[in-house]
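The values are calculated or read from the model by the stated rules, or taken from the named source; none is laboratory data. Predicted model only: the values in this text are computed from it and were never measured. Every residue, glycine as well, gets a Cβ built from its backbone with ideal geometry; the counts of neighbours run over all protein chains shown. Note: accessible area is taken over every heavy atom of the protein model, side chains too, but ligands, DNA and RNA are not part of it. Shrake-Rupley method; radii C 1.70, N 1.55, O 1.52, S 1.80 Å.
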Amino acid sequence: MKTESDFRVGQRVHSINDPRRVGTVMYVGEVQGYSGVWIGVDWDKDGDGKHDGSVNCVRYFQARSDCSASFVRPQNLSHGITLLQALELRYRTTSSKDEEDEMYVLSTRNQRVSVQLLGKEKIQDKLSRFEELTSASLSYLGVSSLGTSSDAGSVIPNLKELDLTGNLISEWKEIGALCEQLRSLTALNLSCNSLAHDNMYLPQLNIRVLVLNNTGVTWTQVEMVGRSLPLLEELHLLGNKIAAVTSPADQSFNSLRLLNLDDNCFSDWGEVLKLSQLRCLEQLYLNNNKLSHIFYPDSDMLLKLFDGHGSLGKSCEPFENLHCLLLGSNNIGDLAAIDSLNSFPKLMDIRLSENPISDPSRGGVPRFVLVARLRNVQVLNGSEVKARERKDSEIRYVRQVMSKCNDNQGEIESLHPRFFELKKLHGIEDESQTVGATGPQNMASGLLSVTLKCVSASIGEKPIITKKFPSSTTVGKLKILCDNFFKLKSLKPKLFLQEEGSPLPASLDDEMANLLDVGISDGSTVLVDLED
């Protein structure tokens, strides 16, 4: 039975009955009004506890939140097992006869039919031979010690990939010692372990993929990791509340191709620019941060940014090999930021979903405008931009600009940098040259063929209707017409534009906007639903 002497403040523990309920020891001792010794734990997940570290107005420690702490008896906590014990538990534990008897499916007559796992013995035999293991997943097994005194290298000599997600590991020294023993190891996942901020030690290692999601690491630690891993190609740092690159990334990351900074706290694009001299960087993930502005740096800006850092800032073109930039769920709301993406030399895969600029209901623009303004984009928001979509989008975009702007060439060039290029590319004539059957006709005021498709289950099946509307028709007017077409009996319709390449239809909420404003062009499909 475990006693209070088995626990110390700062130690990582888990509930004896649930290795996924992980926390940090914050207090060991007596609690007023209760007998015996208690262990005060601040759990990693809010809601796993009952208070904030104080009981009956007495504070014993300060927890992360109002409901992340609790006091637990020593016998109800585990301070973990070793790496080799976890290997035994995961790969050499066989199912009991009772467990196997419980493996069944129900027949059509609701009778139990036993399930036999074909090749089970063969698979178990192979996994149990540790010397043949090349990949091991030991997530959430309560591993607290990597067994630096044991020769893990002789037990699992061929291990290349090791997943230690959600364990009780905190010491960098142990991580380094283990990696030194596992000379074949190239991928290591330490996600959801609370790693210490000091006494960091890593020898020169051959790790190529390192995952440190939700570990609490700082950028200073990241730099130290980079110096120890010269072959590192992928680095994942999701969910670490990183807001700044404390010093420009240098030759420590000479081989880095993918950097994942999703779910952090970046708000200043200048911090991201400190990564611009990573010559091998091909993919940069910045989803779910707080970025509102993007721009491509000029030479003067780079020299100022990298002042005091040797040749950095003039050694190579900024982001010279970056082809994938993911910026979903940020605060980007201006078209100048979108236009600046054209300056990145090789950028072709871009994510802008869940930003104000890509949401028409928040003053943003529809997909076709983004496609038209982004000269080299081949994948937008995870969807391939095919040649047909690009051509249609660019033509629609030019016609929309012509319908809104006067003949002020300077204003058009400023607001729509690609307008004249696209107009010439697609041979689109000026509005005054377009002549209809009854004389001169404004191109933007021509009729648009629109397919209306009712998708509301509550009003029954309706035939698909194709109608022609003036491009000046407003969304509000179209809703009224849909009420008549589908006989909605004064029920309020809600309209969505179904765009090629978009996984979800775009909601048409601005009733004062005309069809061109919201991206509807000749041949578009509008879905008709009912408001909740």
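Quick notes on this structure:
- Sole residue being buried (at least 21 other Cβ atoms within 10 Å of the Cβ) and touching a Gly at 6+ places or on another chain (Cβ under 9 Å), chosen from ASN355, ASN330: ASN355
- Residue selected from region 20-50 under the condition open to solvent by less than 80 Å² (accessible area, probe 1.4 Å), in a strand (DSSP E or B) and of a type in the set (Gly, Ala, Ser), by the criterion farthest from LEU164 (Cα to Cα): GLY36
- Any hit, region 300-312, residues being open to solvent by 10 Å² or more (accessible area, probe 1.4 Å) and closer than 26 Å to CYS179 by Cα: no
- SER471 being touching a helix residue (DSSP H, G or I) at 6+ places or on another chain (Cβ under 6 Å), polar (S, T, N, Q) and modelled with pLDDT under 90: yes
- Failed condition for CYS316, given (1) part of a loop (DSSP other than H, G, I, E, B); (2) farther than 25 Å from GLU234 by Cα: (2)
- Residue that is open to solvent by 10 Å² or more (accessible area, probe 1.4 Å) and outside any loop (DSSP other than H, G, I, E, B), where the choices are SER144, SER170: SER144
- Within region 246-278, the residues that satisfy the criterion of being in contact with an Asp or Glu (Cβ under 9 Å, 6 or more places away or on another chain) and among the small types (Gly, Ala, Ser) are SER247, ALA249, SER252, SER255, SER276.
- Flag if LEU452 is under 38 Å from the mean Cα position of the chain (by Cα), farther than 19 Å from GLY363 by Cα and crowded, with 19+ Cβ neighbours inside 10 Å: yes
- The single condition from (1) farther than 30 Å from LEU275 by Cα; (2) in contact with a strand residue (DSSP E or B) (Cβ under 8 Å, 6 or more places away or on another chain) that GLY427 fails is (2).
- Residues that are open to solvent by less than 90 Å² (accessible area, probe 1.4 Å) and small (Gly, Ala, Ser), drawn from region 455-495: SER456, GLY460, SER471, SER472, GLY476
- Residue within region 79-93 that is at pLDDT below 80 and not acidic (Asp, Glu) present: yes
- The residues of region 363-391 that are open to solvent by less than 60 Å² (accessible area, probe 1.4 Å), touching a helix residue (DSSP H, G or I) at 6+ places or on another chain (Cβ under 7 Å) and either assigned to a helix (DSSP H, G or I) or of a type in the set (D, E, K, R) (or both), listed by number, are PHE368, VAL369, LEU370, VAL371, ALA372, ARG373, GLU389, ARG390.
- Matching residues in region 411-444 - criterion: being at pLDDT below 50 and surrounded by 14 or more Cβ atoms within 10 Å (Cβ to Cβ): THR434, GLN441, ASN442, MET443, ALA444
- Filter result for PHE71 (over 28 Å from the mean Cα position of the chain (by Cα), farther than 21 Å from SER139 by Cα, in contact (Cβ under 8 Å) with a residue 24 or more places away in the chain and not in a strand (DSSP E or B)): no
- Boolean, ASN17 is at pLDDT 90 or above, among the polar types (S, T, N, Q) and open to solvent by 50 Å² or more (accessible area, probe 1.4 Å): no
- Those residues of region 217-268 which are among the basic types (Lys, Arg), at negative phi and assigned to a loop (DSSP other than H, G, I, E, B), in sequence order: ARG257
- Among the residues listed as SER54, SER35, SER96, SER68, the single one being modelled with pLDDT under 90 and either aromatic (Phe, Trp, Tyr) or at negative phi (or both): SER96
- Condition check for ASN288: at pLDDT 90 or above and open to solvent by less than 70 Å² (accessible area, probe 1.4 Å): no
- Qualifying residue in region 477-496 (condition: out of contact with any Lys or Arg (no Cβ under 6 Å at 6 or more places or on another chain) and within 25 Å of LYS386 (Cβ to Cβ)): yes
- LEU515, sole failed condition from (1) among the hydrophobic types (A, V, I, L, M, F, W, C); (2) under 27 Å from LYS386 (Cβ atoms); (3) surrounded by fewer than 14 Cβ atoms within 10 Å (Cβ to Cβ): (3)
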